[in-house]
Amino acid sequence: MNKLVTVTLVILSWGMGENIAVSQVSEPLVIHSPQEISDTEDRKIFQKIITDAQESGKDSYSLGEIIQGVATKFLGAKYQAGLLDQSPNERLVISLQKFDCLLFVETVLAIARNIALQDNNYDNFTHRVEQYRYSNGEMNGYCSRLHYFSDWIRDNQARGNVADITDKLGGITITKQLNFMTTHRGSYPQLVNSETNYQCIAAMEASLKELAFNYIPTPQIRNIYSQLQPGDIIAVATSIPGLDVTHTGIVYRHSNGSLGLIHASPGGQVVIASDLQNYVLKVRNAIGIVVVRSQNIKPTN
């Protein structure tokens, strides 16, 4: 599969970060050239992570433990808002040096699958990123990207990549109309500059009208710690109208058994928040969390 890989910048509908107010979404984007993130350097980083896992025997760990281990390899990496929309045409963006919150999660999940399958191929890794990021696992223009995390969950769950376990953990149901992108059109260059993209996103949002999803209320998060596993994906549910979640990260189990969150923080870099519930308590407009778990590995053809 020949895909053009580049480096870009975007503000995602659900990826704004934990302490960014809605009014701030329209701030000017800082554009970075593709040369700022080297494909050669990314390949070196990828290969080192794979080699370290194999030499230490960690490629035989559970998938969740592999995910946590891969995530820690990026501690200190720079946070860069977006990284997906520099080009007017949709491109498969790969970065192992800078991340926004979902790019971090997708990258970690894809590398973890390579490790679990004992697959050293970088191109297979980039294909796995594509499978997570796009509807039906295939890039087909801007509208094929899974812009809302609820849609990301739905699509990836249908293809066996992940399972939304929030309901099983005692989550409560909320119904929302997801229309943040079209009601904030000026914040999305791809919608401002393309009526086709705008109409396509509007149709996508219409298909998600009155979407019901489950979340664990913030005060109850600590009650489910015993049921969470390292590597579980956490999304911070929000009260912002038209939006489902504002941030994503990965459960991190400390050596003493306590649970934190490893994530690409809008504060500047990939970090570990020491306690998951305490972290969510500080997130503006947060109402709780959605919990998603990676599913069994299936070899890629």
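The values are calculated or read from the model by the stated rules, or taken from the named source; none is laboratory data. Since we're looking at a predicted model, the values are computed, not measured. Here the Cβ is made from the backbone with ideal geometry for all residues, glycine too, and neighbour counts use every protein chain on show.
Points to keep in mind about this one:
- Residue under evaluation Gln177, criteria (1) within 21 Å of Asn156 (Cα to Cα); (2) surrounded by 22 or more Cβ atoms within 10 Å (Cβ to Cβ); (3) touching a strand residue (DSSP E or B) at 6+ places or on another chain (Cβ under 9 Å), criterion not met: (2)
- Close Cβ contacts (under 8 Å, 6 or more residues apart or on different chains) running from residues in the range 196-209 that are within 13 Å of Tyr142 (Cβ to Cβ) and touching a residue at least 24 places away in the same chain (Cβ under 8 Å) to residues that are among the acidic types (Asp, Glu) and assigned to a helix (DSSP H, G or I) comprise Met204/Asp151.
- Complete set of residues in the range 210-219 that are outside any helix (DSSP H, G or I) and either free of Cβ contacts under 8 Å to residues at least 60 places away in the same chain or under 19 Å from the mean Cα position of the chain (by Cα) (or both): Glu210, Ala212, Phe213, Asn214, Tyr215, Ile216
- Restricted to the range 61-109, and to residues there that are in a loop (DSSP other than H, G, I, E, B) and of a type in the set (A, V, I, L, M), the residue that is surrounded by the fewest Cβ atoms within 10 Å (Cβ to Cβ) is Leu75.
- When residues of the range 116-132 are limited to those that are more than 20 Å from Asp155 (Cα to Cα) and of a type in the set (A, V, I, L, M), the one surrounded by the most Cβ atoms within 10 Å (Cβ to Cβ): Ala116
- So Val270, is it over 30 Å from Asn121 (Cβ atoms), aliphatic (A, V, I, L, M) and either in contact with a Leu (Cβ under 6 Å, 6 or more places away or on another chain) or part of a loop (DSSP other than H, G, I, E, B) (or both): no
- Residue within the range 211-231 that is modelled with pLDDT of 95 or more, among the aromatic types (Phe, Trp, Tyr) and closer than 21 Å to Asp85 by Cα present: no
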